[in-house]
There are 2 protein chains.
Amino acid sequence: MSTSSTQSSVTFSELGQRSKPPTIAKLMAMALENSELLSIAAGFTDTANLPTASVQRGVESLVAQEGAPEFLQYGPNQGRPELRRLMSEHLCEQEPVLDYHDVQRGSFITNGSQQALYLAIQVLCDPGDIVLVDRPSYFVFLEMLRGLGVEARSIPVGEDGKIHQTELREMLRAMRVSGESSRVKALYFVSYFSNPSGRSLTRDEKELLAEELSAADLLVPTIEDAAYRDLYFDEPWPADSVLSTPGWEGFPRLYTSTLTKPFATGLKVGFATCTDVEWRAKMLHVKAHHDFGTANFNQALFEQVLEGRGFQQQLARIRPSYAAKMRVLDQQLRDAGLIELGWTWEEPAGGLYLWLTAPEGLDTSLDSAFCHACVEAGVLYVPGELCFGDDAPTDTIRLSYGVLSKPDLREAGRRFAEVAKRFGSNSP
Amino acid sequence: MSTSSTQSSVTFSELGQRSKPPTIAKLMAMALENSELLSIAAGFTDTANLPTASVQRGVESLVAQEGAPEFLQYGPNQGRPELRRLMSEHLCEQEPVLDYHDVQRGSFITNGSQQALYLAIQVLCDPGDIVLVDRPSYFVFLEMLRGLGVEARSIPVGEDGKIHQTELREMLRAMRVSGESSRVKALYFVSYFSNPSGRSLTRDEKELLAEELSAADLLVPTIEDAAYRDLYFDEPWPADSVLSTPGWEGFPRLYTSTLTKPFATGLKVGFATCTDVEWRAKMLHVKAHHDFGTANFNQALFEQVLEGRGFQQQLARIRPSYAAKMRVLDQQLRDAGLIELGWTWEEPAGGLYLWLTAPEGLDTSLDSAFCHACVEAGVLYVPGELCFGDDAPTDTIRLSYGVLSKPDLREAGRRFAEVAKRFGSNSP
């Protein structure tokens, strides 16, 4: 076996030819330049608060169960019935207006919610098709679209980050005129404490979105990504999902959620429910080809964790922890005078991210002097331009307070602010 | 949310339109007719011998480790370095002629080996392309090919099940003449204690395969599926993999293996190593879109299991167990007089399957009277025609002795033989 010297003689498929390293890989390569680097880039979760004891208890309960240890055997492709039941109940607790039987009937389990997103797009979109996305949007989803040859088109937002109704109407009109409407195959957005913006969609925004799409006769399959819904700081975000927001009844809808972001990312178990019987069936047919079912052990473990209240306990522990860490980073940036320099951001009410806009004219993108200076100063962030389906600005930044300890967050914030001060307001 | 009454208004992609329920679903639906059914259909593993204690010990070790519980955090997309190291070592123990550094450098971890197969085909094949497959072949792989719009073409075998050199040469010649050769993008086979045939490829077969493909100038990417290699009864199968069999040097090769089939299917961790740098890179780019890494917890758990010898202990336990269960089913069928009725099969030297050929003229396919009679009699098998890329015979059957206990296997064999006797030899 020798790999080192031979050039590839492989002929790749169209998908293979399109596939590229993630843009973020360039950032990670830059990170290697500085071994003392503090990363507020990755959306990792709080290492200090990982639910070790809860996982251990869960495994002990599984092992102690009478009968055959079926949790170590294959499970069903669509996921364990009991876990689907528990997660459907959890969703109905968050959103009591939902019909449990509908949620449960449409439900399935995936390898993290990322797999649900992949399956959804695989069965809906051919290369050249268009997916409408929020602005900004989840960059792994956007890279996945590019990998599948699918175009992303941003839903217009105003200065306040909210969906801009008249611009949306104009965009949809223009797409109808140009004939692009026929290529729009899906709509995607992160609706609770978004990655990357930290924003949540209001009920009004959801309603106007349905209204404008309906008016444009674009009742396209809609994917609501609720990965961060459980990660509020003080109280749940009040807007219901598209599963029960008026105006969405006519849309085929996929609601994706995850057990791993709010509990332990190392376990990779996602939960989804779909209102459309055929769409769901096709996603499951393809899932059978991917893996014929998510790891049964992880699902069984989550049943224990959910039944034993370990999940709720973990949430009770990490919500104030993330809130406190957000405040540490936020305060560090304020104390350093970033507001005065012209930086803007909103304090999120949940999730893992601060979303910053730089002073006018300051380029903070991946190849910018500012980004390089930050790496040299020992702090890594996600350049915001990765998070736009189109027309990406070069002056936004995603910072994550998820993984670092408070002292490290303070230091990372200090380093970041130092560079920001060095680059000044960049205005005359 | 209402799903029950609405017809799907979703427009599906080409892949979505192609996606269908697995053929085996029809069998499962038939199985519902009889609740007392004993299934020797599914390739499940031995429930009585699942490694519960080993898993518990592994989790305890992880929890007891000093430092942050990183095993509950995200891991790298290509898999944990330590697990890749351990699995590369394991492969080099099986095949000492291999260079450890080559194996390790080409290695990555997947959600079971099924995901590696999916990624491999995704980056190699467009709809309409051809993959050469063994005869018979793994039916989930064949269904996956159909889902991706890819055609399977069987490598000709003789009466003895071995690759038939002159027929292979003739087939490759005909494909060159017809121009089909240019659509051949990969070669796939299960080389050790195959699913479904129980056969292993000899060194001679592997060499002649390379020879004929090379002569036909078809140095296509080759996937060797070694999922059952560890599951020998008495001794390892002596033939090396294509990674080190002479004649294969010029071929880009992907060797796939799994930790779940020989240990616990509920854990879903696969291991692969690829000789081609670019092919591997592209599979990993797409994997990042599927899931950005296999569950880190499961990988960390396997590190414990491998380091603590739990894996070897489990193999030492299940090898004689599978051998004994194979003999129970084999003996039951012999005692019932199936040989005299004209049934033929070979005793496997490993794996989970008996591969039967019915007496001439007896139809045992999914829709056959024989298959229905078996379901009525309370025994479920896999109709062999699912396991052929093309030109499927209707008189083969896959039986699995993996999951049932010995008494249940005896009873399942008794029921099967009873139906077989009822249908007789079907010859005048």
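The values are calculated or read from the model by the stated rules, or taken from the named source; none is laboratory data. Remember, it's a predicted structure, so these values are computed and weren't measured experimentally. Every residue, glycine among them, receives a Cβ derived from its backbone with ideal geometry; neighbour counts consider all protein chains shown.
Select from the range B:197-208 the residues that are in contact (Cβ under 8 Å) with a residue 12 or more places away in the chain and either in contact with a Gly (Cβ under 8 Å, 6 or more places away or on another chain) or among the acidic types (Asp, Glu) (or both) and write down the one among them that is farthest from the other protein chains (Cβ to nearest Cβ).
So, considering only residues that are in contact (Cβ under 8 Å) with a residue 12 or more places away in the chain and either in contact with a Gly (Cβ under 8 Å, 6 or more places away or on another chain) or among the acidic types (Asp, Glu) (or both), the one farthest from the other protein chains (Cβ to nearest Cβ) is B:ARG199.
Please go through the range A:88-98 and give me each residue that is in a helix (DSSP H, G or I) and more than 28 Å from B:ASN296 (Cα to Cα), ordered by number.
A:CYS92, A:GLU93, A:GLN94
Go through the range A:378-428 and give me each residue that's in a helix (DSSP H, G or I) and aliphatic (A, V, I, L, M).
Answer for the range A:378-428, where residues must be in a helix (DSSP H, G or I) and aliphatic (A, V, I, L, M): A:LEU386, A:LEU409, A:ALA412, A:ALA417, A:VAL419, A:ALA420.
Just to be sure I understand, how many residues within the range B:13-44 are closer than 15 Å to B:ARG146 by Cα and hydrophobic (A, V, I, L, M, F, W, C)?
Result for the range B:13-44: 2.
Out of the residues in the range B:42-63 that are among the β-branched types (Val, Ile, Thr) and within 10 Å of B:VAL403 (Cα to Cα), which is farthest from the other protein chains (Cβ to nearest Cβ)?
Applying the filter and picking the extreme gives B:THR45.
Check B:GLY247, B:GLY310 and return the single one that is more than 8 Å from chain A (Cβ to nearest Cβ), farther than 26 Å from A:SER9 by Cα, of a type in the set (Gly, Ala, Ser) and more than 21 Å from the chain's Cα centre (by Cα).
B:GLY310 is the lone residue from the list that is more than 8 Å from chain A (Cβ to nearest Cβ), farther than 26 Å from A:SER9 by Cα, of a type in the set (Gly, Ala, Ser) and more than 21 Å from the chain's Cα centre (by Cα).
Does B:GLY75 count as within 9 Å of another protein chain (Cβ to nearest Cβ), over 20 Å from B:PRO262 (Cβ atoms), buried (at least 19 other Cβ atoms within 10 Å of the Cβ) and in contact with a strand residue (DSSP E or B) (Cβ under 9 Å, 6 or more places away or on another chain)?
Yes: the conditions hold for B:GLY75.
When you go through A:PHE189, A:PHE233, A:PHE263, A:PHE193 one by one, which is the residue that is under 30 Å from A:ALA324 (Cβ atoms), touching a helix residue (DSSP H, G or I) at 6+ places or on another chain (Cβ under 7 Å) and more than 12 Å from chain B (Cβ to nearest Cβ)?
When all the criteria are applied, what remains is A:PHE233.
Looking only at strands (runs of 3 or more DSSP E) that lie completely in the range B:99-166, which have at least 3 residues being under 20 Å from B:ASN195 (Cα atoms) and not assigned by TED's automatic domain parsing to the domain that holds B:ASP390?
B:130-133, B:151-154
Within the range B:281-300, take every residue that is facing chain A (nearest Cβ under 7 Å) and charged (D, E, K, R) and give me the one that is nearest to A:THR11 (Cα to Cα).
Looking at the filtered set, the residue picked out is B:LYS282.
What do you reckon, is B:VAL123 touching a helix residue (DSSP H, G or I) at 6+ places or on another chain (Cβ under 9 Å) and at the interface with chain A (Cβ under 7 Å from one of its Cβ atoms)?
Criteria met by B:VAL123.
Quick one: in the range B:260-271, which of the residues that are over 14 Å from the mean Cα position of the chain (by Cα) and among the small types (Gly, Ala, Ser) is farthest from A:LEU15 (Cα to Cα)?
In this case the residue turns out to be B:ALA264.
Confirm whether A:ALA68 is surrounded by fewer than 16 Cβ atoms within 10 Å (Cβ to Cβ), touching a residue at least 40 places away in the same chain (Cβ under 8 Å) and over 19 Å from A:LEU254 (Cα atoms).
no
Please go through the range B:325-355 and give me each residue that is of a type outside the set (Lys, Arg), within 24 Å of the chain's Cα centre (by Cα) and part of a helix (DSSP H, G or I), ordered by number.
Listed by number, the residues that qualify are B:MET326, B:VAL328, B:LEU329, B:ASP330.
Hey, among the residues in the range A:274-316 that are aromatic (Phe, Trp, Tyr) and in a helix (DSSP H, G or I), which one's farthest from A:PRO76 (Cα to Cα)?
That would be A:PHE311.
Which of the residues that make up the range A:380-411 are farther than 29 Å from A:LEU145 by Cα and in contact with a helix residue (DSSP H, G or I) (Cβ under 8 Å, 6 or more places away or on another chain)?
Matches in the range A:380-411: A:LEU404, A:SER405, A:LYS406, A:LEU409, A:ARG410.
Is it fair to say A:PRO127 is on the phi < 0 side of the Ramachandran plot and surrounded by fewer than 19 Cβ atoms within 10 Å (Cβ to Cβ)?
Yes; evaluated as a whole, the condition is true for this residue.
Report yes if B:THR344 is polar (S, T, N, Q) and touching a residue at least 24 places away in the same chain (Cβ under 8 Å), otherwise no.
Judged against the criteria, B:THR344 is not a match.
Among A:VAL177, A:VAL184, A:VAL157, which is the only one that is hydrophobic (A, V, I, L, M, F, W, C) and under 20 Å from the mean Cα position of the chain (by Cα)?
Being hydrophobic (A, V, I, L, M, F, W, C) and under 20 Å from the mean Cα position of the chain (by Cα) holds for just one of A:VAL177, A:VAL184, A:VAL157, which is A:VAL157.
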